[in-house]
Every structure is written in C-alpha cells, then in structure tokens.
Amino acid sequence: MRYDVIIAGGSYAGMSAALQLARARRKVLVIDAGQRRNRFAASAHGFLGQDGRAPGAIADDARHQLLAYPTVEWVSGTVSKASQETGGFIVETDGGQRYSTQRLLLASGVIDELPDVEGLAQRWGKSVFHCPYCHGYELEQGPIGVLATSPMSFHHALMLPDWGPTTFFTNGVFEPDAEQQDSLARRGVTLVPERVERIEGERADVVLADGRVIAIDGLFVLPRIQVAGSLAASLGCVLEDGPLGAFIQADPMTRETSVPGVFVCGDAAMPFGSVALAVGDGVRAGSGVHRSLIFDAH
C-alpha cells in the first residue's frame, strides 16, 4: 500500500497535521515512538480549552479522535531512514518496516540540551522550566530564578518578574553590561554572578559555590535545542540557525522544506515552541501537504 502522506512523529504537531489530512480523506500513516517533549511535565498550560490538563491526557484524546478516521493508520516506532523514489519516498522504521509515500512530513520535534548542573535534570518539567507562559502562573508569584545559558537569558530574566520576584544567576555564562544591568534593576531583578554549584530541595533551591543557598519556587532555563534524529540531515534539508540552536528551514505558509515533497511542523521547525504553537503549525503543514498533493507534481 502506498500512502499519500507519512508523518514521522505523532505528538501534538504531527497529529494536528494528520487531522487536516484525514478530513481531506487522504491516506495517512503516523509513525511515532511516544517521546513527547513535555512528557516530564505534570500539566500543560496556555493551550486554549486544555489549560491545566495532563499533557499525556491531551495527547491520548487527540490520538483517539484521530484514529476514528478510517484513512489514518498508526505505527509505534521511529523513522530511521528515508530515500527518494519516483513520485515520492521510501521510509524505513527502526523495526525494519518499509513504507511508500507521496509526501513525507517531519514532526519528530527537538531534544533539549540542559546545562550540566547537578540536580537540574531530575527537576526538569517539575520545578525547572523553560516557558513562563506555560508554568509561571502556577508559581503563585513566589520567588523565581533564571539560570543563564546564553545572552538570550537576559531577555528571559527581564520577562520573569511579571510572574514573581526574580533572581538572575549568570553563572559565568553571561555578564550584563551597564545598560543591561540598569534594565534588570528597573525590573527589580536581583543579579547573582557567583557560580551555581547545584540545585537541591523540594522545589529548586540554588546552591552557590560560596555556600549560600537561595530558596526559589521555580527555576527557568533556556536549553539549547537539537533537531531529534538524523532524518532531516540525511534527506538534505537546510537548517536555519536560531537563538537556541538550529531548526529545519521551511516555507512560512506551506511548511515545505528545501527538499521537494518533504514538509516539517512543530518544534523542529521553529526557534521556540509550545503545545499551542505546535498544534497551529500542524494545521499549516497539514493543509500545505494537502495542497501540494493537488497542485504540485514532485
């Protein structure tokens, strides 16, 4: 059987794209390994109609609704290889299954590269976060920390005081100039230049190299991102440098990559991400793929 579209990755963006194609009665295969980026978080916020729900519950409901469409199939696994053939692509999974498709949509997301600070990784998604819109409100205006990972963290630190009194731990990564220090002071941000030794406690208390412990309710970090898997690179998709790492370059409307017939959506195609943005981008990509099946001869 040859599919109209194979979607590599079945998280929020991939399922959103699949839904548009299913409603156009196209034959769709979703291949997904179940590694959602937000799997560490207990609840999702900022997504209209789903605010406060468990991310897994949102994904499970979406999959149930999607698979109610008779033209959609789902395979558990990861797309490990893809090669071009006449009129489309041959896709192979890590389990050795092979499928043929006219169009390929990449929705495999990104990997967060967290700073190497003791105690930080095990609190990721629980009391260590990246998105204030997703997690800031629930901190109830308690003390907040920002751990510098790059110059972008300066902008992060300027944002966070709207959610609570903010301490900016520059950690030897970033040194604000006089103008930036003034901006931080006007926002009421406390600047701490000492090196961070570790994160401990029930929430995310910051232990400094000089022995001081600064108690905070939530720590915000901007991790570097890396496109998950090697599929985009092996196909020759052009990557674009973003403030936190490279993402896959795509047409802003159709979401087609530099490789004809290969599309992308979700966090792998944007410099920043959230569930709501991923779902919206999936809508764009799904409709873009559908239009290409009608109007474009690849």
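Just so you know, all these numbers are worked out from the coordinates, no wet-lab data involved. Here the structure is a predicted model, which is why all the values come from computation and not from measurement. Glycine gets a Cβ as well: all are built from the backbone with ideal geometry, and neighbour counts include every protein chain shown.
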Phi-based couplings in Hz for the range 21-36 (Karplus 6.51, -1.76, 1.60; Gly and Pro marked x): 6, 5, 6, 8, 6, 8, 7, 10, 10, 9, 10, 8, 9, x, 9, 4
Length-normalised contact order for the chain - Cα pairs under 8 Å, 6+ apart - percent: 22 percent
In Å, descending, principal axis extents of the Cα set of the range 210-283: 56, 25, 18
The chain: Cα Rg divided by the 2.2 N^0.38 Å rule of thumb: 1.10
Per-selection Rg to Rh, the range 1-95 - Cα, Kirkwood hydrodynamic radius: 1.01
Potential lengthening between ARG195 and LEU239 on full extension [0.36 nm per residue; Cα-Cα distance subtracted]: 12.5 nm
17 Å tail of the calculated P(r), the range 115-221, as % of Cα pairs: 46 percent
Nearest-0.05 FRET efficiency for GLU175 and ILE90, computed from C-beta distance (R0 41 Å): 0.20
Most mobile listed residue (ARG186, ARG23, ARG198) in the chain, GNM with C-alpha springs under 10 Å: ARG186
Label-point gap, in nm, between LEU67 and ARG291 - each point 7 angstrom along Cα→Cβ: 3.2 nm
Among beta bridges that DSSP assigns inside the range 115-221, antiparallel share in %, nearest 5: 30 percent
Relative contact order of the range 115-221, defined on C-alpha pairs under 8 angstrom at six or more residues apart (%): 33 percent
Separation between Cα centres of the range 225-275 and the range 1-26, rounded to whole Å: 17 Å
Residue-by-residue Karplus 3J(HN,Hα) for the range 223-236, coefficients 6.51, -1.76, 1.60, Hz, glycine and proline x: x, 5, 10, 9, 4, 5, x, 10, 4, 4, 5, 5, 7, x
Cysteines not pairable in the chain (beta carbon separation under 4.7 Å absent): CYS237, CYS265
Ellipticity estimate at 222 nm from DSSP helix runs (n ≥ 4, -39,500 (n - 2.57)) divided over the chain, nearest 500: -7000 deg cm²/dmol
